[in-house]
Each structure stands twice: as structure tokens, then as C-alpha cells.
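Notes follow the structure.
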Amino acid sequence: MSLFLIFIICSLSNLHFSISQQQQNISFFSNIDSPWTPNQNKILLSSNSTFAAGFFPLPSSTNLFTFSVWYNNISNKTVVWSANDNSPVNTSASLVISLTGELTLINNSSGQNLWPSRPVSNSNTTQLILQESGNLIFGTWQSFANPTNTILPNQNITGTILTSKNGKFKFINSSKLVYNDNPFNYWSIGNAFLSLDDQGKISLANGLSYISSDYGDKKLRRLTLDEDGNLRQYSFDPISGKWEDVWSAMYNLGRIQGTCGINAICVYDPFVTFVSCTCPPGFKKNSLEPNSCDRINPITDLKNSKFLRLDYVNFTGGLNQTFSMVSNFTTCQAECLGRQNCLGFLYKYDGNNSCVLQLDTLFYGYWSSGVKGAMFLRVDKSETATEPKFTGLTSVLETSCPVTIRLPFPPEESSATTRNIVIISIFFAAELISGVFFFWAFLKKYTKYRDMARSFGLETMPAGGPKRFSYAEIRDATKNFSDVIGTGSFGIVYKGNLSDGRVVAVKVLKDVTGGDSDFWAEVTIIARMHHLNLVTLWGYCTEKGRRMLIYEYVANGSLDKFLFQKNQVVSYNVETSNVERENQLLNTGSGHKPVLELNIRYRIAVGVARAIAYLHEECLEWVLHCDIKPENILLGEDFCPKVSDFGLAKLKTKEDRMSMSGIRGTRGYLAPEWIRGDRQITSKSDVYSFGMVLLEIITGARNSEQQNSKMESDQWYLPMWAFDKVFKEMSVDEVLDPKIRQSYDNRAHLERVNLMVKTAMWCLQDRADDRPSMGKVAKMLEGSVEITEPKRPVIFYLGADEHNGTLNNSTQH
């Protein structure tokens, strides 16, 4: 009997304990409910329970709390605001509304008020409520006006300050990210943020906006300044139950100040979103601070020190820098050698000869391909670390694009004959079963495929052609043809993303004649052309009266954007930081591109020559391009050239010559035979166009732009001007693009300019028979054949005496 009573008493005690621990949901908190303590297990809910507020336990300690607001209806209860982030309270804390209307959060009876801004109401009936937007309100006080590290949809951002949880980073003036209250920001925009909506759009003060990668979907969202110093927009995926990063201010995390310590260089790997702190040559890791580096050999004699080149490396030390414009590289180096506290200098190859001296300390170093220059690090003369860890295209002299081929290792030999027989038998049985299944599937859908082929007239065409995309697939990939990346004589080009993740360029053709079978046949011929320097055709579309070609997307766009951009002059004052200068250069104008140095231009010229030689001499079908110009030469991420728009002219076999009644091509690049109306248009017409493009690659100017010459404008002709400069005046350097003419002190590269000019002169001969084939042009550029001195090109619409090469005034018809 006594055991039974003990069991009943214990059961009642457990029931009372579970009831006391049950969560209490309230819709408001007033002085009648005061005080509110952590052990009451009480939460304040918004009208639809989207948000909750109350004492939230710290992940690191269940006995410490912050009074916070969090997303409530999701499994990942994420805190979006806290009253006491820097001063967590224990179980003895309480939230109190006094009879005088003051709201206080204290850790004990004698503690100070931890609630921000000390809200006071004129009425003792004022309540603490939580709106459905996530805004916590008490009288005139609201949490939206006192954010911590997060902004919610439809919350006003202007005039607020966000601080990361670790207190190291701030988002100030709704436009700048700073580290440790540093006066020099590491990210900024010209116009302040206004608000974030629930569809993923961040509105700016100038009327523009940033949109997320999932823009248009109404989701739970937040804009948060994370502890790594990056400002990100997150949206909640209800399927995975996770917050997804859909927009971020900084792509290269290595450029965030404070990520690495003194003397270190941040290197960001975007594939694994990982930042590593690397020591430059001549430095080693600091034993106490692994993210910092120490110099191995101190500089004993400043006058006899030397410099190590680090491509794409920059240090953003703020006040520890001086910025100037110099005449050449040697001047910049001399300025650094003349200062005892100069630890290195940044020389920018941007056409403006910018020189930045790094003084006293090497702060906030990072590596980025967007740095338009190289850092020259000052080391002792005895330093043996001569091989830099950071190199770029400016020091690579390869003339072909790298292709990596890997073969699997052969399997180890085995003496287990029985096991091998069993494995072979299993594979044979699997292949037999698979063959029967696929044959059955083929018979089942044979009628469908046959009717489709008949409807398009394709039943007699060979198999193995390019992929046929539906109009719906292309429309979805291009977002209803919204992103135009180029226009040309054959149509408009749109950027798109296929369902398998590939980025493509969709060319919508115009004025294309012929039936579907003829179009399919020409597309098949183009798709069979495979060369490293040709744009790859992946498929086509013929629906709804439209004909489209789907190509691979080439990241850096066309060559003309790099060659013919005008010099942009950006002025700075002494107080302008290096990061702000670089941001201004990146944001100056529209589509400002880095200047291509000579070795890259040479590699582009060789790659284009090889591609055209392949079209002329190595394809199964003989192909004329008929429109070679910088706009049809695209550059990949490593500046590997790819020729586009080939094969769109009429194709015939190699034995036939092309006889075209209409002019095809672009003014300025047309061979003389097009203008004279010759019946026979051969591959030598493409040779002439390539010669004109080669001259533009060297000079950096359009062939229609008159250079420094006293010749009348109606008599101006770029090839004649270049010929006179190189072969008469012996001034090879004057034909070189002024933007790169002063980039180097030695003149060894002018020999390469001389080779390129000679090749161009032979390509630009008036008589087609005098021009070399494209195969020979490629060998001339590679230096594998001897180049004799060419004849002087003449303006092709003026007559020329074939015996002595002099001009006359008779017009050729």
C-alpha cells in the first residue's frame, strides 16, 4: 500500500513539472505581466506566428540568454535581432515594464538596463508587441530603428548601422563595409541601400536595384552582415530546410580587410569558398599569429635591395600608401628605392602608368585576377627566394592554349582466371539484356520518330548531328530573350543558362533562306568543325518561324572591346584609399576592359591564324569566313581567342571556287576583289581581312582612324602608314599601341612587332595571288618560315603600276 502511494505522489510531481515547463505563447507583454524571466518558458508571437521574441539560449551555453527576435515557423530558428548581444544574461535576469512606463532588461536587481536606447512611454498601459514584419515595438521605440546584424524585408535601411556578431565589421551609411572602424572601406557603392523586399530585390537611392539569384519567389528572406565581413542576402528553402546565399556584396572574400594579418596575402578559391593566408617569397608564418607572416632575411642595405614580382597582388594599407602617375616603370621603382620605409610598390599596366608605394607596413594583401598590375616586393639582395608564387599572363609566352589529357592507369594483372571469367560473363549478360531493352524501346517509339522526321523533312539526313533544342527550352534558358550580349549582320545574340547548368550564347538568325533540310545540313557542317580556336556549336532550334544557333558562351566577349577602348583618366586626392581608386577604375564608364599587353596580343593573332587556316585547309568542307573582324574574335577567361560566325556564308566543296554575286563582309576589312566585282572570290579574301585585323591588334586603333601623319584624310590608308613607319623611317615602336608602348623598359619585344607587321604587309597585298595562304601566314607568325621584305601596300581603289609599284590616279572598275 505504501509503495502505491509513493508511485501516485511521484506521478503527480512529474505531471506538475511538465505543466510548469510547457511553453506559453503570448500576443503582448504589459506591466501587468511583469516581470518576464527566462525560466518562465514564455515567447511573444507575431499575428501569424512567423516571428517570435523572448529569452533565446546561446548555442554555446544553455544558461546564458539574449532577448531576441527569431523566425519561428521554420526548423532553423534564426535570430534576426537581439537586445543584448554583447551582454548575455543568466536565469536570474528579467524584463520589466515599470509603473512609469519604462522598459528595462536587467541581469539582477542591481544591474544596469541592457535594453538599447532605454525606451520610455508616457502611459503605463503601453505594451510590448511583435508585428508580423518582425518589428518589435514599445511605444515610439522599435527594433527596426535599432538593427543589430540583420535587415528584414520592407525594413528601412537608410541611416542604420549593421554590426557583425563578432563586432569586427560594420555596414555604415547603408553603402560601405569597414573593418574595425577603419576610415578606408573595403567595399562601397555610390548610392545607399533603401530596402529589401520579399521577392529578393534590394532598392537603391538612385532608382536602380540589386536582385537575388532567385528573384521573383516570395520567400522568407534576410540581409545579414556575417562574421567573415561579407554582406549577404539569404532566402529560406522549405524543401531542404536551409538558408541559401542568393546575393553577396563581395565575390572575392580575400579582399575583405582583416581576413589575413600583416605581410600575408589572401587567396580566395571560389570553388570551395575558402580563403587561405599565404606568405610571399622571403617570408614565413608567424608562430603566434598563423594568419600573419614575418620576414626571413631582414633588409640590411636598403640601397642594394632588390624586388620580387608578384602578379595580381595588391596591398590595401590605406594611410600607408602614396599614389602617383609616373612616366614609366623605372621611375616608379626609383621612387621606392629612394624611400627607406618603402616596402614595395604596385605598378599598374592600365595605360595610365599608375604607381602606388607601400610604406612602413604591408597591410591587407590579397590576390585577384582583377588587379590590373603587379606588386614588386622589396627584399634583401641576399634573398634566395627568387621564384615568385604568384604569376600571371603577363609573363607567359606560350602561343597555344593549354589542353590537359589524362589517361587512366592500367589495371593490375590478376591470376584469378575464374573471377575474370565470371566478371566477363556478367558484363556480357548485362549488355545482352540492355540491348534487348533498348531495341524494344526503339520499336515502341519508331512511329513517333518517323513521323517527326517526315514532318521536318529529315528522314534522309545522316545521324550524329548537333542537338535540336525546342523553342520552350531556349526561351526558358534566355529568360524570354532578355539578356542581349551582341548584335551582328546575322542576327542578335542572347546569353542563357541551360537546364544542365551550361552557359550558352543563342544567336537568333535573320534573313535566312532555304528549307529546314538545307538549314539542318549547313548546321551539321558547322557542328563538325572542331578546333581549339573556333567557337563550339552545341545545337540549333527551328520552331515558330525562328532559326537559332546555340554556341558555347565565351566569357570575356569580343576583341574590339579590349583594343578600341579610349583611355579613361581618373583623378584622385591624397585621402583617397587604394580600394576606392580600384573601385573607381572598375566602375568608370561601361564595360571598361584591361589593356592587353604585347605577348597576349601575339598569342591571340597566332590562335586566330590557326583557326582560319583550319577552315581553309583542314576541314572536310572548304569554308570561307567572309567577315573576319575584331567583333567576330571572342576571348575566353584566359584570353584564348575563339573565332565566331564561321560557316554562315554559303559552303561548297574544296574543288569548287566560290562565286558570289553580293558583297559579304564589313567595310574596312573587305579585300579589293570584293570592290572590283571579281567573279572569283577565294580564300585569299580572308587573308586580306586577317591582315587588317593583325594591324589593328598591333596599333590598338581602327583602320579608319588616322594616326600621327601629315597625309590628307582622303589619302589615308593604315597599311601604307605602317609600312612607311617600319620599312622607311625604321620606327617600329611608333606603330605599337600607345597604351602599352611604355609598359616595358627594354625593347626586345619590338622584334615581335616587326614580325607581326611584316606578316600583315604580305596579307594586305592588292593582288590576291601575291598574298600567302593562311597556313603559311600561321607559320610566318610562329617564326618557322623566313619572311622576305614585302612590297608597299596601296589603296586598293587606286591603280598601281605592276612593274614599279607606283600609284596612278585611274580608278579600277
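Evaluated against (1) in a strand (DSSP E or B); (2) farther than 21 Å from V246 by Cα, Y234 falls short on exactly one condition, (2).
For every residue, the table says whether it meets (1) surrounded by 20 or more Cβ atoms within 10 Å (Cβ to Cβ); (2) under 20 Å from the mean Cα position of the chain (by Cα); (3) under 23 Å from S368 (Cβ atoms); (4) of a type in the set (V, I, T).
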{"site": "D217", "(1), (2), (3), (4)": "no, no, no, no"}
{"site": "R221", "(1), (2), (3), (4)": "yes, no, no, no"}
{"site": "E227", "(1), (2), (3), (4)": "no, no, yes, no"}
{"site": "Q233", "(1), (2), (3), (4)": "yes, yes, yes, no"}
{"site": "G241", "(1), (2), (3), (4)": "no, no, no, no"}
{"site": "G258", "(1), (2), (3), (4)": "no, no, yes, no"}
{"site": "N263", "(1), (2), (3), (4)": "yes, no, yes, no"}
{"site": "D269", "(1), (2), (3), (4)": "no, yes, yes, no"}
{"site": "N291", "(1), (2), (3), (4)": "no, no, yes, no"}
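Within region 770-785, no residue that is loosely packed, with under 15 Cβ neighbours inside 10 Å sits with its Cβ atom under 7 Å from a residue that is in a helix (DSSP H, G or I) and small (G, A, S) at 6+ positions apart or across chains. In this entry, D500 passes the filter for residues that are among the acidic types (D, E), modelled with pLDDT of 80 or more and surrounded by fewer than 10 Cβ atoms within 10 Å (Cβ to Cβ). Evaluating Y669 against the criteria (1) assigned to a helix (DSSP H, G or I); (2) at pLDDT 85 or above; (3) not charged (D, E, K, R) leaves one unmet condition, (1).
Does G216 count as assigned to a loop (DSSP other than H, G, I, E, B), in the same structural domain as C293 (by TED's automatic domain parsing) and out of contact with any helix residue (DSSP H, G or I) (no Cβ under 9 Å at 6 or more places or on another chain)? So G216 fails the test. Is region 674-684 home to any residue that is at pLDDT 85 or above, under 27 Å from I604 (Cβ atoms) and in a helix (DSSP H, G or I)? Yes, the conditions are met somewhere in region 674-684. Tallying residues that are part of a helix (DSSP H, G or I) and within 18 Å of D560 (Cα to Cα) within region 613-632 yields 3. Only one of the listed residues (G647, G589) is at pLDDT below 90, over 23 Å from N353 (Cβ atoms) and small (G, A, S). That residue is G647. Counting the residues of region 117-138 that are modelled with pLDDT of 90 or more and not hydrophobic (A, V, I, L, M, F, W, C) gives 6. The lone criterion from (1) touching a residue at least 12 places away in the same chain (Cβ under 8 Å); (2) surrounded by fewer than 22 Cβ atoms within 10 Å (Cβ to Cβ); (3) not β-branched (V, I, T) left unmet by A334 is number (1). Identification of strands (runs of 3 or more DSSP E) wholly contained in region 37-129 with 3 or more residues that are over 43 Å from the mean Cα position of the chain (by Cα) and assigned by TED's automatic domain parsing to the domain that holds L220 yields 42-45, 61-71, 94-97, 103-106.
The values are calculated or read from the model by the stated rules, or taken from the named source; none is laboratory data. What you see is a predicted model, and the numbers here were worked out from it, not measured in a lab. Backbone-built Cβ (ideal geometry, glycine too); neighbour counts: all protein chains shown.
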